[in-house]
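Every number in this text was worked out from the coordinates using simple rules, so none of it is lab data. This one's a predicted model, so the numbers in the text were calculated from it and none came from an experiment. Cβ placement follows ideal geometry from the backbone for every residue including glycine, while neighbour counts extend to all protein chains displayed.
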Amino acid sequence: EVQLVQSGAEVKKPGESLKISCQGSGYNFPNYWIGWVRQMPGKGLEWMGIIYPGDSDTRYSPSFQGQVTISADMSIGTAYLQWSSLKASDTAMYYCARSKGQRLVDYWGQGTLVTVSS
Amino acid sequence: DVVMTQSPLSLPVTLGQPASISCRSSQSLEYSDGDTYLNWFQQRPGQSPRRLIYKVSNRDSGVPDRFSGSGSGTDFTLKISRVEAEDVGVYYCMQGTHWPQTFGQGTKVEIK
């Protein structure tokens, strides 16, 4: 059974750094892309970027380029999304999602709620 | 970015009645490999999105056959033949043909 298990909710202050994770199981992790999606409170879904764990090839949506860093460690089947300096506007639910090729998202993680507040 | 426009944004439906959601893209979604990467996702309240339909009309395993997808080019439709209580939630179309992938605004389906 394919599963994507994300790390737990985080509460941070503006300016702090953060790294959240997404661990895949039940499939060959290096061979599928992992994407990240933002959902701000009460809003829709926004595609942030995607990584191929097999060679760490990474692409960012222009809206998120330079704002976050996506990485992966295929030895432990885990992808990451990180911020170096959080802003209140980063408060959102973040989902990871598996993708066959770059075009066919299928399975989603349960989401990680990030709250940034002073 | 390719703009995905859904309508309606809110859809009150009577149990047992059909429902239809439209999704239009600002560019053709037919890719050079001949496939059209238009997917539909359901997000029930408090849950992660779940894929229902991939490449326009292919239903995912475990998805009830009351859900169907159709369309081509820039115009796509998700239909629910008879709405059940468990269908309440927000439905999103998503294109994977052009980078970056983009979602529609979402259509909230509720029971009248």
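Since only B:SER61, B:ILE111, B:GLN95 are under comparison, the one whose Cα sits farthest along the positive direction of the charge dipole of chain B, derived from C-beta charges on Lys, Arg, Asp and Glu, is B:ILE111. A cut-off under 13 angstrom between Cβ atoms defines the neighbours of B:LEU11, and their net charge, with Lys, Arg +1 and Asp, Glu -1, is +1.
Here the Karplus relation 6.51 cos²θ - 1.76 cosθ + 1.60, evaluated at θ = phi - 60°, turns the backbone of the range A:38-49 into coupling constants of 9, 10, 6, x, x, 10, x, 9, 10, 7, 9, x Hz, with x for every Gly and Pro. Considering only beta bridges that DSSP places wholly inside chain B, some 90 percent are antiparallel.
Per-residue mean of other chain beta-carbon atoms within 10 angstrom of the beta-carbon, peptide B:32-41? Mind dumping the intermediate values first?
Numbers: counts 0, 2, 0, 3, 0, 5, 0, 4, 0, 4.
Other-chain Cβ atoms within 10 Å of each residue's Cβ, averaged: 2.
Over all directions, the average projected area of the alpha-carbon convex hull for chain A comes to how many nm²?
Values: hull surface 27.4 nm².
Its Cα hull, projected and averaged over all orientations, spans 6.9 nm².
Roughly how far apart, in whole Å, are the Cα centres of the range A:24-39 and the range A:45-118? Comparing the Cα centres of the range A:24-39 and the range A:45-118, I get a distance of 10 Å.
Between beta-carbons, use under 14 Å as the cut-off and find the net charge around A:PRO14, counting Lys and Arg +1, Asp and Glu -1. It would help to have the intermediate numbers written out before the result.
Working: positive: A:LYS12, A:LYS13, A:LYS87; negative: A:GLU10, A:GLU16, A:ASP90.
Local net charge: 0.
Each 5 Å bin from 0 upward holds the following percent of the Cα-Cα pairs of chain B: 2, 13, 25, 26, 19, 10, 4, 1, 0. Computed over chain B with a Gaussian network model linking Cα atoms closer than 10 Å, the most mobile of B:SER25, B:SER57, B:SER70 is B:SER70. Phi angles of the range A:65-76 translate, via the Karplus equation with coefficients 6.51, -1.76, 1.60 and θ = phi - 60°, into HN-Hα couplings of 4, x, 9, 9, 10, 9, 8, 7, 10, 6, 5, 10 Hz per residue; Gly and Pro are given as x. Roughly what % of Cα-Cα distances in the protein assembly as shown sit above 32 Å, to the whole percent? Tail of P(r) above 32 Å: 18 percent of Cα pairs.
Take peptide A:43-52, look around each residue's Cβ out to 10 angstrom, count Cβ atoms belonging to other protein chains, and average those counts.
Mean partner-chain Cβ count within 10 Å for A:43-52: 4.
Per residue of A:100-108, how many C-beta atoms from partner chains lie within 10 Å of its own C-beta, taken as a mean?
The per-residue average across the peptide is 6.
For the range B:61-112, the spread of Cα coordinates along the three principal axes comes to 36, 21, 20 Å, biggest extent given first.
Positive end of the dipole of the protein assembly as shown (Cβ unit charges, origin at the Cα centre): among A:SER56, A:ALA97, B:ILE80, the Cα lying farthest that way belongs to B:ILE80.
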